Amino acid sequence: MSFIIRGCKKYGQEAPADFVVTGGVSDGASDVVFEFNNCVVFPGFIDVHVHLREPGFSYKETVESGTLAAARGGYSAVCAMPNLNPVPDCKESLNEQLRIINKSAAVKVLPYGAITKGELGAQLSDMESMAPFVAAFSDDGRGVQSEDMMRAAMLKAKSVGKIIAAHCEDNSLLHGGYIHAGKYAAAHGHRGICSESEWKPIERDLHLAAETGCSYHICHISTKESVELIRKAKAAGVDVTCETAPHYLLLSDKDLQEHGRFKMNPPLRDESDRQALLEGICDGTIDMIATDHAPHSASEKAGGLEKSAMGIVGLETAFPLLYTYLVRKNIISLGRLIELMSINPSKRFGIENNADNNFTVFDLNSEYVIDPDKFMTMGRATPFEGYGVFGECMLTVSGGKVAWRKGEKE
């Protein structure tokens, strides 16, 4: 079976032209024809940082709902973080997650294995048994506090040929904070999270990565100091990559409102941090954009900035937001955005992304307003509610199968 695409241009082409995608999974059916009107075909996006919440927290999200949201956002593959119940810290506990993925996922899902048992930071996980089945190792949601533990983790990950993807956060510097320690926190009586709580562990880990030779990836960077440390480490030859998220590129703490949909970890930082992140994606210091899609129930996000759970959703809004507010404003090119959302994640994490089997079709002229009530994800918390955007996903194919087609599951 082949997919026949009409009324589109492939990314990089000058004009629309009918073409055939030969990678469709054969099920005895004849070729499938898709008719579009002046749309663009991109390689499938890859998000290396999502929370699918299952097993353990299916009241927030399920693999089915989360991957359907991913497909609607143009993602053909996602990497699922391990802060679950049970934590995937050995092959036995990982198997439960793999079973759900195999049964329910609409797109390709590569799970993370935990760095430490239970993500508690005291003992290394059984990396060797999990290595063939995971994208990388992470204790996302918690920083590895011990330098000795992180060194041991890097050495073990290197021995099994896997990346350490680090949530960098020094607990001793948090002091009960929950938004950035900036002007908004001071003006509104909120406890702040200092930038040093992020960049100080990054500084430590970059030295360890240089020492051990481990492939090291830094999750959701948000500060100007982090950007500069990574820039210098790359220049020195350290095997390091990093990601940031759409909200850190488009918002700062001056945009905060007294609502849980503005609360995430790391928090929205100062405008100077946002500008440094933009410089980082322009000069190549930042390798990829991930959403840190982190759905919660409505009640968990109803406690304002102080008492709401940390985390927002982003799979269905990432590309239209970045296309509208970065590409259309000439901050980055469309080509650079595709590198950040597809090509670089594929290369770094070794995720197969053959364009015949994994692609997405967008109508870049479609203009609409972000409405959380129309999301596929079970989460509704986004700071971008009400934002006008361009770019609507019409079709996503993952692994040769149609994962999303506009109008079928909405």
Odd one out for Asn85 among (1) assigned to a helix (DSSP H, G or I); (2) open to solvent by 50 Å² or more (accessible area, probe 1.4 Å); (3) not acidic (Asp, Glu): (1)
message: Given the condition assigned to a loop (DSSP other than H, G, I, E, B), surrounded by fewer than 17 Cβ atoms within 10 Å (Cβ to Cβ) and charged (D, E, K, R), answer yes or no: does some residue in region 302-312 qualify?
response: no
query: Can you tell me which residue in region 132-143 is nearest to Leu98 (Cα to Cα), limited to those that are open to solvent by 10 Å² or more (accessible area, probe 1.4 Å) and without any contact (Cβ under 8 Å) to a residue 60 or more places away in the chain?
result: Phe133
task: Note down all Cβ pairs under 7 Å where the first residue falls in region 395-410 and is over 20 Å from Asp371 (Cα atoms) and of a type in the set (Ser, Thr, Tyr), the second is in a loop (DSSP other than H, G, I, E, B) and open to solvent by less than 60 Å² (accessible area, probe 1.4 Å), and they're at least six residues apart or on different chains.
output: Thr396/Gly44; Thr396/Gly74; Ser398/Gly44; Ser398/Val107; Ser398/Asn358
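Select the helices (runs of 4 or more DSSP H) contained entirely in region 132-224, then report the ones holding at least 2 residues which are under 18 Å from Thr244 (Cβ atoms). Outline the logic, then answer.
Working: elements: 147-159, 183-188, 196-212.
Ranges flagged: 196-212.
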message: Can you report the number of residues in region 362-408 which are open to solvent by 20 Å² or more (accessible area, probe 1.4 Å), outside any strand (DSSP E or B) and of a type outside the set (Phe, Trp, Tyr)?
response: 12
- request: Say whether the condition of being β-branched (Val, Ile, Thr), at pLDDT 95 or above and out of contact with any strand residue (DSSP E or B) (no Cβ under 7 Å at 6 or more places or on another chain) is met by at least one residue in region 379-398.
  value: yes
query: So which pairs qualify, if the first residue must be in region 75-102 and within 14 Å of Gly56 (Cα to Cα), the second must be open to solvent by 30 Å² or more (accessible area, probe 1.4 Å) and of a type in the set (Phe, Trp, Tyr), the Cβ gap must be under 8 Å, and the two must be at least 6 apart or on different chains?
result: Leu84/Phe57; Asn85/Phe57; Leu94/Phe133; Leu98/Phe133
- prompt: Right, Ser215: of a type in the set (S, T, N, Q), crowded, with 23+ Cβ neighbours inside 10 Å and within 21 Å of the chain's Cα centre (by Cα) or not?
  reply: no
- request: Mind listing just one residue for me: the one in region 328-369 that is charged (D, E, K, R) and within 20 Å of Ala403 (Cα to Cα) and, of those, modelled with the lowest pLDDT?
  value: Asp356
Check on Gly121, outside any loop (DSSP other than H, G, I, E, B), open to solvent by less than 30 Å² (accessible area, probe 1.4 Å) and not basic (Lys, Arg): no
- prompt: Of these, Asp270, Asp292, Asp283, which one is within 22 Å of Gly56 (Cβ to Cβ), open to solvent by 10 Å² or more (accessible area, probe 1.4 Å) and either in contact (Cβ under 8 Å) with a residue 24 or more places away in the chain or of a type in the set (D, E, K, R) (or both)?
  reply: Asp292
message: Restricting to region 337-361, name every residue that is among the basic types (Lys, Arg) and either crowded, with 16+ Cβ neighbours inside 10 Å or touching a Phe, Trp or Tyr at 6+ places or on another chain (Cβ under 6 Å) (or both).
response: Arg348
field: Qualifying residue in region 65-74 (condition: in contact with a strand residue (DSSP E or B) (Cβ under 6 Å, 6 or more places away or on another chain), surrounded by 20 or more Cβ atoms within 10 Å (Cβ to Cβ) and farther than 16 Å from Glu316 by Cβ)
entry: no
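The values are calculated or read from the model by the stated rules, or taken from the named source; none is laboratory data. In this text the structure is predicted, and so the values were computed from the model without any measurement. Cβ coordinates were reconstructed from backbone atoms using ideal geometry, including for glycine residues, and neighbour counts include every protein chain displayed. These area figures cover heavy atoms from the full protein model, side chains too; ligands, DNA and RNA do not enter into them. Shrake-Rupley method; radii C 1.70, N 1.55, O 1.52, S 1.80 Å.
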